[in-house]
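Only one structure is covered here, and it is reproduced in the block below.
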Amino acid sequence: MIVGTAGHVDHGKTSLVKALTGIDTDRLPEEKRRGITLELGFAHLDLPGGRRLGVVDVPGHERFVKAMAAGAGGIDLGLLVVAADEGVMPQTREHVDICGLLGVRRGVLVVTKADLLPGLGAGWLELLEAEVRSLVAGTFLEGAPLVPVSAKTGEGLDALKAELSRLSAALEREGGPRSPEGPLFLPVDRAFTVKGFGCVVTGTLWSGRLFLDDEVALVPGRAAPLRLRGLQQHGRAVGRAQAGERVAVNLAGVETQDVARGMALVRAGELSAARVLDVELTLLSSVEAPLPRRSRQRLTLGTAQVDAVVRLLDVEALRPGETCFAQLRLSQPTAAMPQLRFIMRGTRTVPGRGMTLGGGRVLALDAPRRRVGSAAVLAELASAELPQRLVWLTTQAGYRGLTEAELFARASASRKELARALEASAARGQVVLVDKDARRFVAGPVLAALQQRARAALDRFHGAHPEADGLSREALRQGLGVPDERTFARVLAPLVETKAVEVDKELVRLPGRGRRFTEATAALRADVVRLLEEAALQPPLVADLAAKVRAPPPRVLELLSSLAAEGRVVRAGELFFSAAAIAGLEEKLVAFLSAQGRITTQQFKDLAGLSRKFLIPLAELFDARKVTLRVGEHRVLRGKST
């Protein structure tokens, strides 16, 4: 569990952390020189009873609020720090807003520099408490305990630890939004090199569990599986970490300069960086003007800072204090996952509250472009049970579908829950397993739509080509835009089983369609067949045949192809032979090989009575038909070595 500070610059957050933990979280020389926190700092706190909390200390200066927001995303318990001598200040208000938007659930109101209270006059603490409680009314801190402390004298530290112990125990009983059963998601907040070990990244594990034998990836940027050299928590080597814990991860196969804050450590093959997010968005009530239907904003997402175009889907403008559905188009691929919370900051300061405008939670990754007014689709997702979410997600993925690993990363469910829901949904035909090896699923409605499109495509083909025997499988697959052959096979199988279509080798057709000829075409076909039968094993070339029947060569070639599909003629290279002539030659060839064992090219030439012009394509034809096998300079019957 993680406790984090929040509050205005120079209100004593870092001094408080040092007094509680004994650790100075200001590690940078510039922080030491200036006496203010510029970057996230980390420590750990041992409470009475043995519970250990991770501690995140955040900058308070308005110029470093983006760093504060990056650290606040992993906080469970917030310490709202207010200096006794200054009271509520602009960043105090902004930090309360940020913590609330990021889902911090409980906290303590801490009045620091309590050693100054006697000199501030009687009743000062009561006035200060009234001001602070007015600020936090209606937030996660409403009703929170208020503890005056002094890092200088130690006053109130034991009382603060007692409150943290009580609240952390309560949160543990309640459970939290960060599930150890979810996909691995560790937003990186630091990366550094340890001599002899290499690259180390740190962060608060937002979801899932991390084990030493896991194969991981860094997104965006390093999708290839990376190996873990080690895990540490608060300076101690561990074998695993889980959601809600701080962890340092020693990675093999990556250099520190290739890692940056904003990346996330994920399990290889589960999550990839996203460019489009469907979200639920809330505008703070303190914002002065509504958010227009389309705007460009700056987001904090995990530990990443990214620009985004915000499109509202169900309102013309989002008014202060209201919530709506929106689609975010990010300026660059960014690590994200469903239910992750984000902050939206503008370019102008809200008087007394900083630049934070609002925030929300991610609903779906890389969704298709939404039309204005399509918020009902997202409302359905936001409230759907797991089986409905699976149908929704696979439908959104279209013909490509999603693997079980990808569904796990998007469905907000444990692996066991997902497996049960997939089995039940597949039994009802809501999702279909199209690839057993890859565990890839396509929505049942998507397959049904593909089957309708396939029949319509065949109907159009037969209308345009009534003489053709059918459309090739590959042409139909490409026409439907189905990228995967196994998915295409699942499209065809039910159509064949119900006799809605016929499959003949590589051709697909509608029952009773194709091979419809006019009288003129039938007569032309008959002439072509007659001439080939007369020519026997010495047929004319297509151009010569076309001249004899007085038809264009492309037309004759089209007719020959349909006759070949019917089995009435046989193609060998550029020549077309009468099927009867080929059958007769094959019979003679098999008889010769059965008696003699092998045949040379010259013997085959004598047997057929043909020149090499016809002999070579015929020999290759019988090899292709697996009648013969070439062995050196002779041929044998397939399956026999002599």
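Can you work out ³J(HN,Hα) from phi for every residue in segment 326-343, in order, using Karplus 6.51 cos²θ - 1.76 cosθ + 1.60 and θ = phi - 60°, giving whole Hz and x for Gly and Pro?
The phi angles translate into 8, 10, 10, 9, 7, 6, 7, x, 9, 5, 7, 7, x, 6, 5, 9, 9, 10 Hz.
Taking the Cβ of A523 as the centre, find all other residues whose Cβ is under 12 Å away and add up their charges (Lys, Arg: +1; Asp, Glu: -1).
+1
Per-residue HN-Hα couplings for segment 623-631, Karplus 6.51 cos²θ - 1.76 cosθ + 1.60 at θ = phi - 60°, whole Hz, x for Gly and Pro?
Running phi through 6.51 cos²θ - 1.76 cosθ + 1.60 with θ = phi - 60° gives 5, 5, 6, 6, 7, 10, 9, 7, 10 Hz.
Taking square-rooted eigenvalues a ≥ b ≥ c of the alpha carbon gyration tensor, is segment 161-202 rounded, prolate or oblate, where a/c under 1.5 means rounded and, failing that, a/b exceeding b/c means prolate?
Taking the square roots of the gyration eigenvalues as a ≥ b ≥ c, segment 161-202 is oblate.
Rounding to the nearest 10 and keeping the result within 0 to 90°, find how far the Cα-based axis of helix 519-535 lies from the longest principal axis of the chain.
Roughly 60 degrees, rounded to the nearest 10.
Ignoring ligands, DNA and RNA, what percent of the 1.4 Å accessible area of segment 522-620 is carbon and sulfur?
On the way: 2630 of 4990 Å².
About 53 percent, which is the carbon plus sulfur part of the accessible surface.
Which whole-number percent gives the relative contact order of segment 162-293, counting Cα pairs below 8 Å spaced six or more residues apart?
27 percent
Residue by residue, what Karplus-based ³J(HN,Hα) values in Hz, rounded to whole numbers, does segment 387-392 have, using 6.51, -1.76 and 1.60 with θ = phi - 60° and x for Gly and Pro?
Residue by residue, segment 387-392 yields x, 5, 5, 5, 5, 4 Hz.
Would you please name the GluC sites (Glu not before Pro) within segment 488-542 that are DSSP coil residues with at most 12 other C-beta atoms within 10 Å of their C-beta?
Sparse-neighbourhood loop GluC sites (Glu not before Pro): E506.
Amide H neighbours of I75 under 5 Å, counting only residues 5+ apart in sequence or on other chains, H built in-plane at 1.01 Å?
none
Under 27 Å Cα-Cα from K152, which lysines qualify once same-chain neighbours fewer than 8 residues away are excluded?
K13, K18, K32, K113, K161
Note down the relative contact order for the chain as a percent, whole number, built from C-alpha pairs under 8 angstrom at least six residues apart.
With pairs under 8 Å counted, the relative contact order is 8 percent.
Per DSSP H run of n ≥ 4, the term is -39500 (n - 2.57); total these for the chain, divide by its residue number, and report the mean residue ellipticity at 222 nm rounded to 500 deg cm²/dmol.
Calculated at 222 nm, the ellipticity per residue is -11000 deg cm²/dmol.
Which entry in (i) 45; (ii) 25; (iii) 28 matches percent of Cα pairs over 43 Å apart derived from the coordinates of this structure?
(i)
What does the C-alpha gyration tensor say about the overall shape of segment 175-299? Classify as rounded when a/c is under 1.5, otherwise prolate if a/b is larger than b/c, or oblate.
Prolate is the answer for segment 175-299, as a/c is 1.5 or above and a/b outweighs b/c.
Loop-only trypsin sites (Lys or Arg not before Pro) in segment 164-260, please: DSSP not H, G, I, E or B, and at most 15 other Cβ atoms within 10 Å.
Counting only loop positions with at most 15 other Cβ atoms within 10 Å, the trypsin sites (Lys or Arg not before Pro) in segment 164-260 are K195.
Under the rule of at least 5 residues apart or a separate chain, name every residue whose amide H is placed under 5 Å from the amide H of R106.
Answer set, sorted by chain and number: G78.
Compute the relative contact order of segment 246-333 as a whole-number percentage, counting only Cα pairs closer than 8 Å that sit 6 or more residues apart in sequence.
33 percent
What figure, in Å² to the nearest 10, do you get for the accessible area of K161 with a 1.4 Å probe and non-protein molecules left out?
Here the residue's solvent-accessible area equals roughly 50 Å².
Using only Cα atoms, locate the centre of segment 149-196 and the centre of segment 237-306, then give the distance between them in Å, rounded to an integer.
About 19 Å separates the Cα centre of segment 149-196 from the one of segment 237-306.
Using a simple charge model, +1 on the beta-carbon of Lys and Arg, -1 on the beta-carbon of Asp and Glu, nothing else, what dipole does segment 488-642 show about its Cα centre, in debye to the nearest 20?
Values: 25 positive and 18 negative charges, 48 e Å.
Roughly 220 debye, rounded to the nearest 20.
List the GluC sites (Glu not before Pro) within segment 269-353 that fall in a DSSP loop (any state other than H, G, I, E or B) and whose Cβ has at most 13 other Cβ atoms within 10 Å.
Within segment 269-353, the qualifying GluC sites (Glu not before Pro) (loop, at most 13 other Cβ atoms within 10 Å) are E288, E316.
If the cut-off is 30 Å between C-alpha atoms, which lysines fall inside it for K613, apart from same-chain ones fewer than 8 positions away?
K505, K548, K588, K605, K626, K640
Quick one: angle between helix 553-566 and the longest Cα principal axis of the chain, in degrees between 0 and 90, rounded to 10, please.
Helix 553-566 sits at roughly 90 degrees to that axis.
Hey, got the dipole for the chain? About the Cα centre, +1 on K and R Cβ, -1 on D and E Cβ, debye to the nearest 20?
Numbers: 88 positive and 73 negative charges, 345 e Å.
Around 1660 debye, computed over the chain.
Determine the shape class of segment 495-634: with a ≥ b ≥ c the square roots of the Cα gyration tensor eigenvalues, call it rounded for a/c under 1.5, and otherwise prolate if a/b is greater than b/c, oblate otherwise.
In terms of gyration-tensor shape, oblate.
The values are calculated or read from the model by the stated rules, or taken from the named source; none is laboratory data. The shown structure was predicted, so the numbers you read here are calculated from the model rather than taken from an experiment. All Cβ positions, even for glycine, are placed from backbone atoms using ideal geometry, and neighbour counts span all protein chains on display. Areas reflect the complete protein model, heavy atoms only, side chains present, ligands, DNA and RNA absent. Shrake-Rupley method; radii C 1.70, N 1.55, O 1.52, S 1.80 Å.
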